[in-house]
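The structure appears right after this line, and notes come after that.
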Amino acid sequence: MRYKSTNEHNNKLSITIYNDDFGLVKEERLLVSQEACEEIQYLDVAKKIETDSIIVAGIPVLELNYDYDLVSKAKLLEKYLDKTIYVFDKETKEKLSIRLLSVSDGIIGERTDTKEIVINPEGELVLPSLPEGLIAKPALLWKVPKSSLDQQINVSYLTKGISWDANYVLNLQESGFQLTGWVAINNQSGVAFENAELKLIAGEVNRVEEIKLLEPDYHYKEGIVYSESEPAFEEKSFADHHMYTLNRPVTIKDEQEKQINFLNVADGAYRKFYEVNRYSEKPYIKVEIENSKENNLEIPLPKGKVKVYQADSDGLLEFVGEDSIPHTAKKQPISLNLGKAFDILCDSLEKDRYDEEGIEYIEYEYQIHNQKDEAAPVKIDHRIHERSWKMVESSHEYEKMDSSTINFHLDVEADGSAVITFKYAVDRNVYVKRKTT
């Protein structure tokens, strides 16, 4: 006897979704049958299940098959080649009996009464019962020791086609910011998850890459569904990654994108400045946020896009740019590039380069022109490619970030300009000594 188990038998369903388009499904089902069973048809599994990932606990499985030969018109007709089918005429209410000869280029049949050949007969095709092997939806078929059933089983498997990403909305205000974070779940796995416990894993989990031919995507989104605005996730560290657990069951339909709020931060402080380097003509507009308790944060942030808004002179929010952030650990700052400034010009040039007794001197100059009606904080990020350098003189204070980077920070007054010059020396004798040794 074959026993059929569906999601109606679920006592518990949970899914853990990873960033890289896959998820781990875990189910607890109760199997009850007074009759002895030797096969279990485990239904309502994802179409994109990874069959080499299935774990079954609670019943011994002798053999496991994945049946996905689903019902379709073409497959049905192929199953009835050289068999008798019927063509029903709705007007005359007559049923014509034919032997099906071919379905490759239309329908070709032989009338069972006159033996005449008919091509694409008009009417409604009527077929006998569903042929062996065809099923209405994918199923796992297990062969088990023959016995009655009265036990709970635990089944888990990986499936492709389900993923999540974080996205953020940042509202810049005069005295601070508001940051809202959303989780976007996209389910294209081929199955719905009803009232499931949900966990999300943020981090890079190593997977063996499979090389496959690209297939056309015939999926269409049912629509984006937004949850309530109160954050509902609990964050914990897990196995060198971060895990976010939703504090309530959730239903994720197949071919649906669902948005769930997970972060609301208000009254945080930010720093806005303009960054230039030796190749800049227009400075980059930069926003930096400290990920600290003092700034109402100090939380790990999953990678995702950040859309930034700011109120205009009418008090209406306008979009001012977007950037993406990587997985960001707590206490690690958030840095965003919002585009290039319109009213600030910059120019850099190597003013001089000369050699004295093996010491090479290099002089640089930056010119910043601020045409805004307010002062502009500017950061100059200058890279020095030469080795063994030493600063000789500088018009402004600077900060040495590493062995090849120096930063200048200055405020350029409204409708004003600033000139920054510096000279450093490179000892070429060091290179000669290294070559000789």
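The values are calculated or read from the model by the stated rules, or taken from the named source; none is laboratory data. This one's a predicted model, so the numbers in the text were calculated from it and none came from an experiment. Cβ sites come from the backbone with ideal geometry, for glycine too, and all protein chains shown count toward neighbours. Side chains included, ligands, DNA and RNA excluded: accessible areas come from the protein's heavy atoms. Shrake-Rupley method; radii C 1.70, N 1.55, O 1.52, S 1.80 Å.
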- Percent RCO, i.e. relative contact order, over the chain, from Cα pairs under 8 Å lying at least 6 residues apart: 13 percent
- For MET401, MET391, write out the residues from largest to smallest accessible area, computed with a 1.4 angstrom probe and no ligands counted. MET401, MET391
- Query: What net charge is computed for the residues neighbouring ASP323, neighbours being all others with C-beta under 12 Å from the C-beta of ASP323, Lys and Arg scored +1, Asp and Glu -1?
  - Reply: +2
- Message: Cβ neighbours within 10 Å, averaged per peptide: list 30-41, 182-193 in order, most packed at the top.
- Response: 182-193, 30-41
- Query: Once you list every other residue whose beta carbon is under 10 Å from the beta carbon of TYR284, what net charge do they have if Lys and Arg are +1 and Asp and Glu are -1?
  - Reply: +2
- Cα gyration tensor of the range 297-367, axes a ≥ b ≥ c as square roots of the eigenvalues: rounded (a/c below 1.5), prolate (a/b > b/c) or oblate? oblate
- Query: Taking a 26 Å limit on the Cα-Cα distance, which of the listed pairs LYS47/LYS143; LYS73/LYS93; LYS160/LYS307; LYS303/LYS372 fall beyond it?
  - Reply: LYS160/LYS307; LYS303/LYS372
- Item | Under 20 Å from LYS305, Cα to Cα: lysines that are on another chain or at least 8 residues apart | LYS258, LYS272, LYS286, LYS330, LYS331, LYS340
- Message: For the range 266-321, what does the relative contact order come out to in percent, with C-alpha contacts under 8 Å and a separation of six or more?
- Response: 23 percent
- Task: Express the relative contact order of the range 258-297 as a whole percentage, based on alpha carbon pairs under 8 Å and six or more residues apart in sequence.
- Result: 41 percent
- Note on the structure: Filtering GluC sites (Glu not before Pro) in the range 276-379 by DSSP loop and by at most 14 other Cβ atoms within 10 Å leaves GLU281, GLU298, GLU357, GLU374
- Provide the percentage of antiparallel DSSP beta bridges, counting only those with both residues in the range 34-115; round to the nearest 5. 90 percent
- Note on the structure: For the range 1-155 the translational diffusion coefficient, Stokes-Einstein from a Kirkwood Rh over Cα pairs at 20 °C and viscosity 1.002 mPa s, in µm²/s, is roughly 114 µm²/s
- Message: List the trypsin sites (Lys or Arg not before Pro) within the range 1-97 that DSSP assigns to loop and that have no more than 15 neighbouring Cβ atoms inside 10 Å.
- Response: LYS83, LYS90, LYS93
- For the MET1, GLU318 Cβ pair and Förster radius 60 Å, calculated FRET efficiency rounded to 0.05 is 0.35
- Message: Less than 14 Å Cβ to Cβ from LYS372, Lys/Arg counted +1 and Asp/Glu -1: what total charge do the surrounding residues give?
- Response: -3
- Note on the structure: Cα pairs beyond 15 Å in the range 18-110, in percent, come to 75 percent
- Task: Could you calculate the contour length gain from GLN259 to ASN337, that is, 0.36 nm times the residue separation minus the distance between their Cα atoms, to one decimal place in nm?
- Result: 25.6 nm
- Per the 1/(1 + (r/R0)^6) rule, R0 = 25 Å and r from the Cβ atoms of SER395 and ASP267, FRET efficiency to 0.05 is 0.05
- Task: Report, in debye and to the nearest 20, how large the dipole of the chain comes out about its Cα centre when Lys and Arg carry +1 and Asp and Glu carry -1 on their Cβ.
- Result: 1400 debye
- Pairwise Cα inverse-distance average, inverted: Kirkwood Rh of the chain (Å): 28.4 Å
- Indicate, rounded to the nearest 5 percent, the antiparallel portion of the DSSP beta bridges found entirely in the chain. 85 percent
